[in-house]
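Coordinate-derived values only; no laboratory data. Predicted, not measured: the structure shown is a model, and the values here were computed from it. Heads up, the Cβs are rebuilt from the backbone with ideal geometry, glycines too, and the neighbour counts pull from every protein chain shown.
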Amino acid sequence: MRDKNGISRRNFLKGLGAGSAAMLLPARDVAAAPKSGEELCTLLDLSKCIACGECVSACREVNESKFPEPKKPYPEMYPTSRVKVEDWSERRDVDDHLTPYNWLYIQSAEVDFGGQTHEINIPRRCLHCRNAPCANLCPWGAAGKQKNGIVRINEDVCLGGAKCRTVCPWHIPQRQTGVGLYLRLMPGFAGNGVMYKCDRCYNLINQGELPACIEACPEDVQTIGPRSEIVAKAHELAKKNNWFIYGEEENGGTNTIYLSPVPFELLNEVVDKGIGRPGFSAVEDSMADEEKLAYAVGIAPFAGIAAGVIKAGKFLASAGGRKND
Amino acid sequence: MTNPLFTRIFKLNIFIMALTGVAQMPIFKRYYIADIPGLGWLNDFYLTNKIHYIFGTVLLFMTLYLLTVFALGGKQYFKLTSSGMLRAVLYLIVIATGALRVVKNLHSVTFDPFTVMVIDWTHLGFAMLLGVAAMFAFFKGRKPYLEGLPGFRR
Ligand code: SF4
Ligand code: SF4
Ligand code: SF4
């Protein structure tokens, strides 16, 4: 077992050494954040990441008990021509993209910028969107956003239809066939397993501890804290160093803020993209139209009542008239 | 109380709500329905969700209109039949949970995940019950919603 408090203290002291109060966000601040009513946010300073992979290993180790344990053979799913088994249970050690057994991986890129070649390493995982479409559009209530900003998929409820992956701008959640609730319903005709992604180590956060990837990082790449503080810190560093920010506005705002010495458009051009390998494209707010339509939805009942009052008045008048005949 | 045009629009609206509602589950692609020429849009979750919102707006307007007319003027002239009452209650539950889903999708609103799950299951469950009721009515013959005065039936 790792001595969490010890490591926390080490980070704590490092923070003091750095001489920056806002960078110093020990575990107790993490626990305090939800009480202050603010969402938790992370800052990833990409200038620091050396791609050592400690965070990836820590994530896998700490979250192993949450990983799927499917039993074979998997029930046949119809129509077989369309519904494919997605099985990662025998490729658990894949760590160069997101899988149900790998919720975090390191993306690397070489970018020429400002007359220099930069080697940038990027920890990639769910960004924990503030108005997460994966959670909003899940038809089954399996994906949800907590008040502390963590977006989670409930593995006991998820049916594995993968709609969350489709509607996520970065296609983050990954599917494992052969586990979950669908097996107990109509496994042949609906569902296909459970979707998995970073859950921001919600259980550790609930205990006032740091997520494993943050705790394990020897370079202190990540910082976590209340969103307003993290955003302020990001802007301060970006201004000081002429760095670039990603995640503050993307998809209507996420609780993961990347800071990079090179523009994200350049990173987006060179990073490997594909299944389980998100890019850095400009992402508009996925739920912006729904936000506008909600006004119409809000007004409709009152308009209906008003129209009803007018109609009832006329109807009563004519009914009264008929009685008098 | 209502005219045939109102009824027709209401029915068309319910059809679109049912179609775009079912389209929120990832099944139209699985069962090749979205492969039928002209039906590809059924596989666009964002598009069908927006259509669901738009027609939901119309449905809310029509429902509140009917309720108001019924509450203010109809009560003394009409009585809901028991099957009409049942279907009206089903509709109201589906509409109310749908409205809650719109609220929870707002940027400034976060319900806790368990509440969201209860809302989603209720919305889906009662919409399915409505489907069953509609099927029942279709095969067993339509029952009127209202016991009303002649000339004021739907
Ligand atoms: S990044 Fe994707 S999976 Fe993560 S919260 Fe946002 S929409 Fe959901
Ligand atoms: S927060 Fe936890 S679950 Fe998410 S990537 Fe880090 S270690 Fe993995
Ligand atoms: S542990 Fe830190 S330095 Fe190492 S790969 Fe992860 S984020 Fe980068």
If unit charges are put on Cβ atoms (+1 for Lys and Arg, -1 for Asp and Glu) and the dipole of chain A is taken about its Cα centre, the option from A:F302, A:S318, A:G114 lying farthest towards the positive end turns out to be A:S318
Among B:I119, B:I54, B:F70, the residue whose Cα sits farthest towards the positive end of the charge dipole of chain B (+1 at Cβ of Lys and Arg, -1 at Cβ of Asp and Glu, taken about the Cα centre) is B:F70
Taking the square root of 5λ for each eigenvalue of the C-alpha gyration tensor of chain B, the equivalent ellipsoid has semi-axes, largest first and in whole angstrom, of 30, 20, 15
Nearest-0.05 FRET efficiency for A:D272 and B:V118 at R0 = 45 Å, using Cβ-Cβ distance, is 0.65
The convex hull of the Cα atoms of chain A, divided by residue count, gives a volume in Å³ per residue of 202
Per the 1/(1 + (r/R0)^6) rule, R0 = 30 Å and r from the Cβ atoms of B:A137 and B:Y46, FRET efficiency to 0.05 is 0.35
Here the stretch A:199-206 yields Karplus 3J(HN,Hα) values (6.51, -1.76, 1.60; θ = phi - 60°; whole Hz; Gly and Pro given as x) of 10, 6, 6, 3, 5, 5, 4, 4
Relative contact order in percent for chain B (Cα pairs under 8 Å, 6+ apart) equals 28
Calculated from DSSP helices alone, with each H run of at least 4 adding -39500 (n - 2.57) and the total divided by the residues of the protein assembly as shown, [θ]222 nm to the nearest 500 comes to -14000 deg cm²/dmol
Nearest-0.05 FRET efficiency for A:A232 and A:A282 at R0 = 30 Å, using Cβ-Cβ distance, is 0.85
Rounded to whole angstrom, the alpha-carbon centroid of the stretch B:8-25 lies from that of the stretch A:108-146 at a distance of 34
Excluding residues fewer than 8 positions from A:K233 in its own chain, the aspartates and glutamates with Cα under 20 Å of it are A:D29, A:E38, A:E39, A:D45, A:E215, A:E219, A:D220, A:E248, A:E249, A:E250
In whole Hz, the Karplus estimates of ³J(HN,Hα) for the stretch A:297-306 (6.51, -1.76, 1.60; θ = phi - 60°; x where Gly or Pro) are 4, x, 7, 3, x, 5, 4, x, 4, 4
